[in-house]
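Peer 1: Sending over a structure as structure tokens; questions will come in a sec.
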Amino acid sequence: MNELSGNGQGERGSGKRQPNVLIIMTDQMRWDLLSCAGHPICQTPVLDGLAERGVRFANFYTAAPICTPARYSIFNGRHVHVHDGWWNGLPTRDGEVFLPSIMQHYGYATAIAGKLHFDSKEHAFGFDDFRTFRSEGPTPERGYEAYLKNKYGELNRDRIEDGTCPWPDDPHGRGVGLFADPPEDLDTPWITRQTLEALDLLEQSGKPWFLFASYHDPHSPFVEPEPYYSMYDRESITLPDIPPETGALRRDARGTQEVNHLIDDTEMLREITAIYYAATTHVDHDIGIVLAELDRRGLTENTIIIFMSDHGDMMGDHGRMYKQVMYEGASHVPLIVQTPEHVFPALTPGRVVDEVTGHVDILPTVLDLCGLPVPQGVQGRSLAPLCAGDTAGWPNEAFSWMLGVPHTRQEAYMLGRKRMLRTPRYKLIDNGADFSTRWELFDMSDDPGEMHNLADDSAHTSALKAMAARLDEWEAEMPPLVKIPGMPTPSYSYISEDRRAALHAAWKDGLRRQARWRWPQ
């Protein structure tokens, strides 16, 4: 869709120019990968520079450690159990609206370049210009999958250089190696090119604009071209300790979901980690291309820039991989906010905010910085005061929620409902009544690696009870649907019963296929 025509640059109530908004997202990037956050190996010079000019949030948490639910919460400011879009491939409940539509309503031109991951996939979800990682939405012919199919004639082809994948029969290892195609055909540079093309159209609109540049990396599979593939010395990488029982758990696992979320091979983990760092540095480099283009066009002085990730990756912590658990590796994500001086002169460049914050705070922050009203029903709060050092009244807590996929094994990772509450000192994880260890309580000031569960320690009983009660209180909150005065309800907000049933059926079929996987004999 190229409906980017308008009536000129908008005006804020103060008489200043209406700011543009650029949200940059990575997928499955841990909070501690940034050099400026203290990582000893991974290099992120562009994001470090963004943090120097803006504000870095050191304790920012995902709304759910899984892609689609987290992204829904980012774009509607509501928690997962409220919008009810609780798994990849599933829609939200009827009536939910998302930030791009709200920005459209207030006169913004909107565009996406990269990964969205919303359902139903035929909708544009408030984006005028739509070019996504998967070929979806109203213009699937402009997606990355369509690009590959047009160039190579097929999608399901091996894109790993022969001889660079030592573990072709392992669900982790078969997605590890040197990228076999030309470097420009990796998704990272493709998304960068699409971002710059979208920027052309947004500028031509004459409107203030909202651009979502959404990178897929450093998400698996772990495949990079040179020079990134060889950038990090494997032997210099320090690995987390793998619990001794991990190997047996992985051999006994049922289905690809359980197998994929465990790792006991240190050589494989070392290779994966090196490429994970490389993919992060590659994305950092390409974000630099986008930011340099903003500078070249003179747009930086009027553009709010927000960088974050949807969730993290365990990367061997506790013997686990990927996401779908509430531990720090999967739930703790980076956030950097940079604003033009005329938009928010109180922002202190280089500030590091230690207060606890979360995904639901993004929507109200964008609206607040743009001088737009935050509607009733939004559960997050604007981060603008924290950017200026004003912590008064900040609740200093973050929640995460997921409704897991049931498996036959009692110890399955995604069994039932999981909840998390993070406060300045503690993290409480509720694994659900059916899990053998329901409560996990960690003192994050003394035990940032979450190695010592204090749930049964009498010295911490009162803290556990208070936090468990707060979780129940929070989960009972069901604010009304967001309504924007004068804004028609978007078409994507309501899904027919037949379409909703089809989406759930497709999701269940995918689970059955995963559960039938067995180790090669």
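Peer 1: For segment 34-74, what are the residues that are in a loop (DSSP other than H, G, I, E, B), hydrophobic (A, V, I, L, M, F, W, C) and more than 19 Å from Ala398 (Cβ to Cβ)?
Peer 2: Passing the criteria: Ile41, Cys42.
Peer 1: Only one of Asp354, Asp264 is closer than 30 Å to Pro166 by Cβ, open to solvent by 10 Å² or more (accessible area, probe 1.4 Å) and more than 18 Å from the chain's Cα centre (by Cα); which?
Peer 2: Asp264
Peer 1: For segment 145-181, name all the residues that are touching a Ser or Thr at 6+ places or on another chain (Cβ under 7 Å) and either more than 26 Å from Gly316 (Cα to Cα) or of a type in the set (Lys, Arg) (or both).
Peer 2: Glu145, Ala146
Peer 1: Please find, among Asp32, Asp48, the residue that is closer than 30 Å to Ile237 by Cβ, at pLDDT 95 or above and within 18 Å of the chain's Cα centre (by Cα).
Peer 2: Testing whether each residue is closer than 30 Å to Ile237 by Cβ, at pLDDT 95 or above and within 18 Å of the chain's Cα centre (by Cα) leaves just Asp32.
Peer 1: Related question: Residue by residue through segment 112-130, note down the ones that are part of a strand (DSSP E or B) and under 18 Å from the mean Cα position of the chain (by Cα).
Peer 2: Ile112, Ala113, Gly114
Peer 1: While we're here: Among the numbered criteria (1) polar (S, T, N, Q); (2) assigned to a loop (DSSP other than H, G, I, E, B); (3) farther than 30 Å from Gln104 by Cβ, which single criterion is violated by Thr489?
Peer 2: Only one criterion is unmet by Thr489, namely (3).
Peer 1: Let me ask something else about it. Is it fair to say Ser214 is at pLDDT 95 or above, outside any helix (DSSP H, G or I) and under 25 Å from Met29 (Cα atoms)?
Peer 2: Considered against the rule, which asks whether it is at pLDDT 95 or above, outside any helix (DSSP H, G or I) and under 25 Å from Met29 (Cα atoms), Ser214 comes out as yes.
Peer 1: Are any of the residues in segment 467-484 closer than 14 Å to Ile429 by Cα and in contact with a Ser or Thr (Cβ under 8 Å, 6 or more places away or on another chain)?
Peer 2: Yes, segment 467-484 contains at least one residue that is closer than 14 Å to Ile429 by Cα and in contact with a Ser or Thr (Cβ under 8 Å, 6 or more places away or on another chain).
Peer 1: Tell me, please, whether a residue that is over 25 Å from Thr357 (Cα atoms), open to solvent by less than 40 Å² (accessible area, probe 1.4 Å), out of contact with any helix residue (DSSP H, G or I) (no Cβ under 6 Å at 6 or more places or on another chain) and not small (Gly, Ala, Ser) can be found in segment 300-312.
Peer 2: The answer is yes; a qualifying residue exists.
Peer 1: Can you spot a residue in segment 485-504 that is surrounded by fewer than 17 Cβ atoms within 10 Å (Cβ to Cβ), within 28 Å of Phe60 (Cα to Cα) and either among the β-branched types (Val, Ile, Thr) or modelled with pLDDT under 95 (or both)?
Peer 2: no
Peer 1: Scan segment 151-200 residue by residue and report those that are in a helix (DSSP H, G or I), among the hydrophobic types (A, V, I, L, M, F, W, C) and open to solvent by 40 Å² or more (accessible area, probe 1.4 Å).
Peer 2: Leu196
Peer 1: Do we find that Asp368 is more than 24 Å from Asp217 (Cβ to Cβ), in contact with a Ser or Thr (Cβ under 8 Å, 6 or more places away or on another chain) and open to solvent by 10 Å² or more (accessible area, probe 1.4 Å) in this structure?
Peer 2: yes
Peer 1: Further, regarding this structure: Mind checking which pairs have a first residue in segment 360-388 that is over 15 Å from Phe75 (Cα atoms) and touching a residue at least 24 places away in the same chain (Cβ under 8 Å) and a second that is open to solvent by 30 Å² or more (accessible area, probe 1.4 Å) and aliphatic (A, V, I, L, M), Cβ under 6 Å, 6 or more apart or different chains?
Peer 2: Ala388/Ala346
Peer 1: Here's another thing I want to ask about it. Between Phe127, Phe133, which is open to solvent by 10 Å² or more (accessible area, probe 1.4 Å) and not charged (D, E, K, R)?
Peer 2: Checking each option against the conditions leaves just Phe133.
Peer 1: In addition: Could you tell me whether segment 295-304 includes any residue that is more than 22 Å from Val325 (Cβ to Cβ), of a type in the set (A, V, I, L, M) and assigned to a strand (DSSP E or B)?
Peer 2: yes
The values are calculated or read from the model by the stated rules, or taken from the named source; none is laboratory data. Since we're looking at a predicted model, the values are computed, not measured. Ideal geometry is used to build each Cβ from the backbone, glycine not excepted, and the neighbour counts take in all protein chains shown. Quick note on the areas: whole protein, heavy atoms, side chains included, nothing else; ligands and nucleic acids left out. Shrake-Rupley method; radii C 1.70, N 1.55, O 1.52, S 1.80 Å.
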